[in-house]
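Novice: Structure below; questions to follow.
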Amino acid sequence: MRLKIIGSAAGGGFPQWNCNYRLSRGARSGGANLRQRTQSSLAASANGMDWVLFNASPDIRQQIAATPELQPDASGPMRSTPIRAVVLTNADVDHIAGLLSLREREPFAIYASARILDVLASNSVFNVLDPSIVKRRTLVLDEPTRIGDADGKPTGLVVEAFAVPGKVALFLEDPDLAAQGFGTEKGDTIGLRISSPDTRQAAYYVPGCAAVDPGLRRRLSNADCLLFDGTLFTDDEMITAGVGTKTGARMGHMHMSGPSGSMDALANLGIKRRIYIHINNTNPVLDEASAERAGVEEAGWEVAHDGMEVRL
Ligand code: MLT
Ligand code: MN
């Protein structure tokens, strides 16, 4: 099984179009220790031919252009794609907007929780993906699902979706329900176990997560590979950077550092490879020469970059 991180940044990308913080400025001017990154997406394949996208980012066109595996086979029909399916982990803009770039009446399948599929169904612009051509299929939580193409032909990948602590998409927040998580319900944010019957190993993909609870710790114990929410280094990072007013907790993202951070929460679980993804443009670990970057690496974590590949 091959996993390619085609977009390692959080929403906005790195640099973000309107961001004047030192990290975006450095990346924009080609700073030596600051790699540019596109928005959050993963591609996976069990056989190297049939590919499944996990989240469809606004940068999908650029990501396909940078990834030969995702391009039409030169000897194939005039219109074709090796992308057989797209699996969604929430309905945030950085994970669904790329679907709109996959129009052109090309068959594939979309898999997501019922809650996430409801968001697509209630926003009519997604009808550019005609449901008779682009099939919507519900991921039942805590059950393995064989990912197939539009006709149901198996790709060789199996996912198991599970709810994680998180938040409803930003554009669906109900201010009247602020005390109840802005209307968040189970299934708004999911994690995925990704496997293939041909390998005994599995990867866990969790690009958004507000907290590591005991159930999640149990589930991730001894995992072969974990791709985990690396949005922020500290909870108040966007505030101290002067770019916004929200904490990570308010956005549904736990931070990396300190006693309430993901480094501590996911230490000593026997996870063989731990990789931070969905990294926000304020996160100091983006600077490869930073003390924070050295700290996460010291703790056994890798920081994803676009094009990074994991083989299991
Ligand atoms: C997030 O991860 O918090 C979202 O991508 C925010 C957004 O939709 O801009
Ligand atoms: Mn996001």
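Novice: Enumerate the pairs (first residue in the stretch 91-112 and on the phi > 0 side of the Ramachandran plot; second residue anywhere and more than 15 Å from ligand 1 (Cβ to nearest atom) and open to solvent by 10 Å² or more (accessible area, probe 1.4 Å)) with beta-carbon separation below 8 Å, excluding pairs fewer than 6 apart on the same chain, so at least 6 apart or on different chains.
Specialist: Taking only residues 6 or more apart or on different chains, the pairs are E104/R79; R105/D130; R105/I133.
Novice: Which one of these does I116 not meet: (1) within 16 Å of ligand 2 (Cβ to nearest atom); (2) touching a Phe, Trp or Tyr at 6+ places or on another chain (Cβ under 9 Å)?
Specialist: (2)
Novice: Next question, about the same structure. Pick out the one residue from S80, S75 that is open to solvent by 70 Å² or more (accessible area, probe 1.4 Å) and over 22 Å from the mean Cα position of the chain (by Cα).
Specialist: Values: S80 fails: open to solvent by 70 Å² or more (accessible area, probe 1.4 Å).
Going through S80, S75 in turn, the sole match is S75.
Novice: Kindly provide the set of residues from the stretch 1-22 that are in contact with a helix residue (DSSP H, G or I) (Cβ under 7 Å, 6 or more places away or on another chain), outside any loop (DSSP other than H, G, I, E, B) and under 14 Å from G230 (Cβ atoms), ordered by number.
Specialist: Passing the criteria: G7, F14.
Novice: For the stretch 86-104, enumerate the residues that are small (G, A, S), open to solvent by 20 Å² or more (accessible area, probe 1.4 Å) and within 14 Å of ligand 2 (Cβ to nearest atom).
Specialist: First, pick out the residues of the stretch 86-104 that are small (G, A, S): 91, 97-98, 101.
Retained after the next criterion (residues that are open to solvent by 20 Å² or more (accessible area, probe 1.4 Å)): 97, 101.
Correct list: A97 only.
Novice: Return the only residue of A304, A299 being crowded, with 16+ Cβ neighbours inside 10 Å, touching a residue at least 24 places away in the same chain (Cβ under 8 Å) and over 20 Å from the mean Cα position of the chain (by Cα).
Specialist: Details: A304 fails: over 20 Å from the mean Cα position of the chain (by Cα).
Unique residue meeting the criteria: A299.
Novice: Here are some conditions: (1) touching a strand residue (DSSP E or B) at 6+ places or on another chain (Cβ under 8 Å); (2) hydrophobic (A, V, I, L, M, F, W, C); (3) surrounded by fewer than 16 Cβ atoms within 10 Å (Cβ to Cβ). A27 meets all but one. Which one does it not meet?
Specialist: Failing condition for A27: (3).
Novice: Considering only residues that are open to solvent by 30 Å² or more (accessible area, probe 1.4 Å) and either away from ligand 2 (no atom under 16 Å from the Cβ) or touching a strand residue (DSSP E or B) at 6+ places or on another chain (Cβ under 8 Å) (or both), which ones fall in the stretch 234-243? First the steps, then the outcome.
Specialist: Taking the stretch 234-243 as the starting set, the residues that turn out to be open to solvent by 30 Å² or more (accessible area, probe 1.4 Å) are 234-236, 238-240, 242-243.
Once the filter is applied, which keeps residues that are open to solvent by 30 Å² or more (accessible area, probe 1.4 Å) and either away from ligand 2 (no atom under 16 Å from the Cβ) or touching a strand residue (DSSP E or B) at 6+ places or on another chain (Cβ under 8 Å) (or both), the stretch 234-243 yields T234, D235, D236, M238, I239, T240, G242.
Novice: Right, something else. For the stretch 267-275, state whether one or more residues are among the polar types (S, T, N, Q), out of contact with any His (no Cβ under 7 Å at 6 or more places or on another chain) and within 27 Å of G148 (Cα to Cα). Spell out how you get there, then give the answer.
Specialist: Initial filter on the stretch 267-275 (among the polar types (S, T, N, Q)): 268.
Those left that are additionally out of contact with any His (no Cβ under 7 Å at 6 or more places or on another chain): 268.
From the residues that got through so far, the ones that are within 27 Å of G148 (Cα to Cα) too are none.
No: the stretch 267-275 contains no residue that is among the polar types (S, T, N, Q), out of contact with any His (no Cβ under 7 Å at 6 or more places or on another chain) and within 27 Å of G148 (Cα to Cα).
Novice: Right, something else. If the Cβ limit is 7 Å and pairs must be 6+ apart or interchain, which residue in the stretch 266-286 that is at positive phi pairs with which residue that is more than 16 Å from ligand 1 (Cβ to nearest atom) and open to solvent by 20 Å² or more (accessible area, probe 1.4 Å)?
Specialist: G270/S221; G270/N222
Novice: Here's a follow-up. Restricting attention to the stretch 73-82, does a residue exist that is within 16 Å of ligand 2 (Cβ to nearest atom) and out of contact with any Cys (no Cβ under 8 Å at 6 or more places or on another chain)? Explain how you work it out, then say what you get.
Specialist: Here is the first cut: in the stretch 73-82, the residues within 16 Å of ligand 2 (Cβ to nearest atom) are none.
The answer is no; no qualifying residue exists.
Novice: Being crowded, with 17+ Cβ neighbours inside 10 Å and in a loop (DSSP other than H, G, I, E, B) is the filter here, so list the residues in the stretch 213-223 that pass it. If you could, list the steps in order and put the result at the bottom.
Specialist: Quick first cut of the stretch 213-223, residues crowded, with 17+ Cβ neighbours inside 10 Å only: 216, 219-220, 223.
Passing the criteria: only A223.
Novice: Sticking with this structure for a sec: Hey, could you check the stretch 260-282 for residues that are closer than 25 Å to D213 by Cα and touching a Ser or Thr at 6+ places or on another chain (Cβ under 7 Å) and say which is nearest to ligand 2 (Cβ to nearest atom)?
Specialist: We begin by selecting, within the stretch 260-282, every residue closer than 25 Å to D213 by Cα; these are 260-280.
Narrowing further to those that are touching a Ser or Thr at 6+ places or on another chain (Cβ under 7 Å): 263, 269-270, 277-280.
Details: M263: 20, L269: 24, G270: 28, I277: 10, H278: 6, I279: 10, N280: 9 Å.
Once the filter is applied, the top-ranked residue is H278.
Novice: Limited to the stretch 15-36, what total is found for residues that are within 25 Å of G248 (Cα to Cα) and either modelled with pLDDT under 95 or within 13 Å of ligand 2 (Cβ to nearest atom) (or both)?
Specialist: Filtering the stretch 15-36 for residues within 25 Å of G248 (Cα to Cα) gives 15-28, 33-36.
Next cut, either modelled with pLDDT under 95 or within 13 Å of ligand 2 (Cβ to nearest atom) (or both) only: 16.
Matching residues across the stretch 15-36 total 1.
Novice: Could we say that A289 is within 16 Å of ligand 2 (Cβ to nearest atom) and open to solvent by 60 Å² or more (accessible area, probe 1.4 Å) here?
Specialist: Details: within 16 Å of ligand 2 (Cβ to nearest atom): no; open to solvent by 60 Å² or more (accessible area, probe 1.4 Å): yes.
Considered against the rule, which asks whether it is within 16 Å of ligand 2 (Cβ to nearest atom) and open to solvent by 60 Å² or more (accessible area, probe 1.4 Å), A289 comes out as no.
Novice: Sticking with this one: Taking the options T231, T247, name whichever one is farther than 23 Å from S45 by Cβ, open to solvent by 30 Å² or more (accessible area, probe 1.4 Å) and in contact with a His (Cβ under 9 Å, 6 or more places away or on another chain).
Specialist: T247
The values are calculated or read from the model by the stated rules, or taken from the named source; none is laboratory data. The structure presented is a predicted model; accordingly, all values stated were derived computationally and were not measured. Positions of Cβ are backbone-derived with ideal geometry, glycine not excepted, and every protein chain shown enters the neighbour counts. Keep in mind that these areas ignore ligands, DNA and RNA; they rest on the heavy atoms of the full protein, side chains included. Shrake-Rupley method; radii C 1.70, N 1.55, O 1.52, S 1.80 Å.
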